[in-house]
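Here the structure is laid out as structure tokens; the discussion comes afterwards.
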Amino acid sequence: MRFGLKETGRYAAGLLGALLLAAAVPMAGAGVPALARVAALLRLDFGLSAMSATPAAAELAKRLPATLELIGGGALVAVLLGLPLGILLSWSRALRAGAPLIQLVAAVPAFCGGLALLWLAHRFQWDVSARSGLSFWPALLSGDGAGVVRALPAFGLPVLIVGAAGAAAVELAIRRAARMAATAPYRDGLRLMGLGAFEIDRLYLAPRVLAGLFASLGEVALSLIAATAVAEWVFDWPGAASLFIHSAALHDWNVAALVLLVLASLVLTVGFIGAVAARALGET
């Protein structure tokens, strides 16, 4: 109960900080009074967009589904790549020497990887327009194989950039949790009781490693969102992250503040859920 109350307080404080930061962005750009701006945000009044003269919430509502689509696809790739890679590098001594190479590859900026994939797409004349990318899921759900093939480059290349960044974060979280769990003193006692290394890892080590991954979900979400901003900019994806960049460049502070608030709240929410899940799993 104490842990739940503490995490809830931290989550609420984080949301309040994000709200105050969102209120400070338009004040810096247009001299809006502080109390008036905070009161407007509490009423969910985010003002009008300076670019289109429409409500900022409406501008975000048009762009946010594309960003969530990109983050969701990247998260799936991150789990499919990062989870087995982290397990192999943690449990296999033969493959553990490859961890520095993995980190070296992961350290390549997402912008550079995006430019390389964009060059590859132009080299092979793939259609990477955002219009075809947003038709990937409708084509997949309707069973249109030809439509899936046409839309796959436009959707798959940005997702690959986002997923690679997320996979690096997942792999690092697993290795970090496995390293901490492997040095726990209970392992020697369990060996003296007659349990083998496989049983100890399966029954005691694996849940703690999974709990460590859940505890790092906020970091993983932050990596996914940062890579999403890069992928949307490079591939001209019509999402909320690229909307933030355009809004900041054109001094549309109402829209920029709203996007910042939503993305920060998303990271805080994922981190809160991960912390609670890690605590529950660690006590089982």
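Taking Ala248, is it farther than 30 Å from Met1 by Cβ and either modelled with pLDDT under 85 or not hydroxyl-bearing (Ser, Thr, Tyr) (or both)?
Considered against the rule, which asks whether it is farther than 30 Å from Met1 by Cβ and either modelled with pLDDT under 85 or not hydroxyl-bearing (Ser, Thr, Tyr) (or both), Ala248 comes out as yes.
Is there any pair with a first residue in the range 5-22 that is more than 11 Å from Leu41 (Cβ to Cβ) and touching a residue at least 60 places away in the same chain (Cβ under 8 Å) and a second that is assigned to a helix (DSSP H, G or I) and of a type in the set (Phe, Trp, Tyr) whose Cβ atoms are under 6 Å apart and which are 6 or more apart or on different chains, and what are they?
If the second residue must be assigned to a helix (DSSP H, G or I) and of a type in the set (Phe, Trp, Tyr), the pairs left are Tyr11/Phe272.
Is it true that Leu268 is modelled with pLDDT of 85 or more, buried (at least 24 other Cβ atoms within 10 Å of the Cβ), more than 21 Å from Leu76 (Cβ to Cβ) and of a type outside the set (Asp, Glu)?
Criteria not met by Leu268.
The values are calculated or read from the model by the stated rules, or taken from the named source; none is laboratory data. All figures in this text were calculated on a predicted structure; none of them were measured in a lab. Quick reminder, even Gly has a Cβ in these numbers, built from the backbone with ideal geometry, and neighbours come from all protein chains shown.
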